1. Take the residue pairs Lys172/Lys315; Lys167/Lys368; Lys59/Lys340 and return only those whose Cα atoms are more than 29 Å apart.
2. Determine, for Phe265, Phe390, the number of other Cβ atoms within 10 Å of each Cβ, and report the residues in order from fewest to most.
3. Run the simple label-point estimate for Asp100 and Asn283 please: 7 Å along Cα→C-beta, distance reported in nm.
4. So I have [x] 82, 46, 35; [y] 102, 51, 38; [z] 87, 76, 52, and one of them is Cα extents along the principal axes in Å calculated from this model. Which one is it?
5. What residues qualify as long-range amide H neighbours of Tyr209, i.e. H under 5 Å apart, gap of 5 or more or another chain, H built at 1.01 Å from N?
6. Using Cα pairs closer than 8 Å and at least 6 residues apart in sequence, work out the relative contact order for the chain, in percent.
7. Along the charge dipole of the chain, Cβ charges K/R +1 and D/E -1, which of Tyr157, Ser311, Ala291 sits furthest on the positive end?
8. Spin-label point model (7 Å from Cα, Cβ direction): what's the Glu32 to Val257 distance in nm?
Amino acid sequence: MKQWRKFFVKSIALALFLGMLTGCAFEKTKMEKEQVTLRIKLPPLTVANADTGIADSYKMLTQAGEEFADQYEEYDVKVEIVKFNYTEEDDHITGCFDTDNAADILFEGYFNMAGYIHTGRVVPLDDIITDELRADIDDSLWKMSQVDGKTYMLPYYSLQNTLIYNKDLFRKCGLTQYIGTNYTIQSWSPADWETILSALAKNLPEMSYPMMMYAKNDQGDTHIMTLLRSKGSSFFDENGYFNLNTEEGIAALQWLVDCYHSGYFPLGCENMEIIDCSALFENNQLAIYIANSATMDNSDLASVGIANFPSQDGKGYTTSFVTGFEIFDNGDARKLQVAKDFLRYFVANEEYMNYAQVGIPASKATSKRVSEYIFMQDAYTANAANTVDFTANNPNWRGVRDVFYTHIHELLTGVKTPQEVAEALDADCNAAIDIGWKTSKLHD
């Protein structure tokens, strides 16, 4: 009995000793790995996954980063996720170049990301795009993500920007006939638009308004640029430069002035931000607002309808935003490798690809897999035919945004005429585009 007890005690001691050696070896191996911090930055963006309930892209990427680091063998990786406000983007991206806080990966909409490509900091991703992945994403999305044949953004999902309207306010203003059925996207003729806006202006209570407008800062560029196509303007010329100093462009600018004078826009809209119009809409003081397919998913379609922006032919316009990933070269080859390996890991994981169901997933396989959870997939897919390109993939789009709204502000305040604003927009926005091309440099 004593011998058995001695043997048992010695066995336990040996096991503990071997365990300590294994643990030490593990810690030593872990310590021997080089430590790399991967910094992923993003603005406030929503995602959706019916299987998890996570709706915040920050939480999604935090989880993905932790799981990636746990299984990564090349380096001891720490993934840091940084969320910034849209108004702080310059500070967090270009303002952090050549600092310890520089972004290694950016997850965002392409309309801002396009300009970063021309800084020479964004690396091509063709070496991580397999033939299978290339075939899984539509050619139109790859084309939009490319410059000179190289792919600089990995598309994840797309969203459509449309207008939305308050059905109850339409009914109260005698516009029931213009209310469409649920889960449809409507288009109204120019005559319909005038009937709708004038009836709203005439019948809405005091301090309530027919349609959103905000020109205090660059937040209004997308919807205003789309409205400026309403009289038939193509907006850009064949080379992608602003071309508003035309009969159609001036007519659209005049229409904005007329709408303001007719009470179709909120009083003082030249000094309003998007959040101001959002508050009016939520408070039933604004009949027509702007939304995308992600935000509409949480809307009550019994009270809110969807319509395209006005067009001369009555088919209407919509804009499309593609959200995806870019990788920045911050002079550290290790970080570049880890960043690319993270994207490889991400796109190979069905759970994380499924979060793209917040919009229309770029991946065809993902769309098929989660089709039952994609809000109004058929309607938005069909409406894609009415999409207009509001950036023409120009460099220095941030520079364009910086000057565009200033002239719309002058238009709404009456400082300049539509003719003068058309001339100024063409001159200043094209100057910004020229600067972008002159300073453009692409990563090797």
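1. Listed pairs above 29 Å: Lys167/Lys368.
2. Phe390, Phe265
3. Label at Asp100, label at Asn283, 4.5 nm between them.
4. Given [x] 82, 46, 35; [y] 102, 51, 38; [z] 87, 76, 52, the structure-derived one carries the label [y].
5. Those qualifying (amide H under 5 Å, at least 5 residues apart or on another chain) are Leu286, Ala287.
6. RCO, the chain: 25 percent.
7. So the residue we want is Tyr157.
8. Result for the modelled spin labels: 7.6 nm.
Rule-based calculations on the coordinates, nothing more; no lab input. Not measured: the values here are computed from a predicted model. Virtual Cβ from ideal backbone geometry, glycine too; neighbours counted across all protein chains shown.
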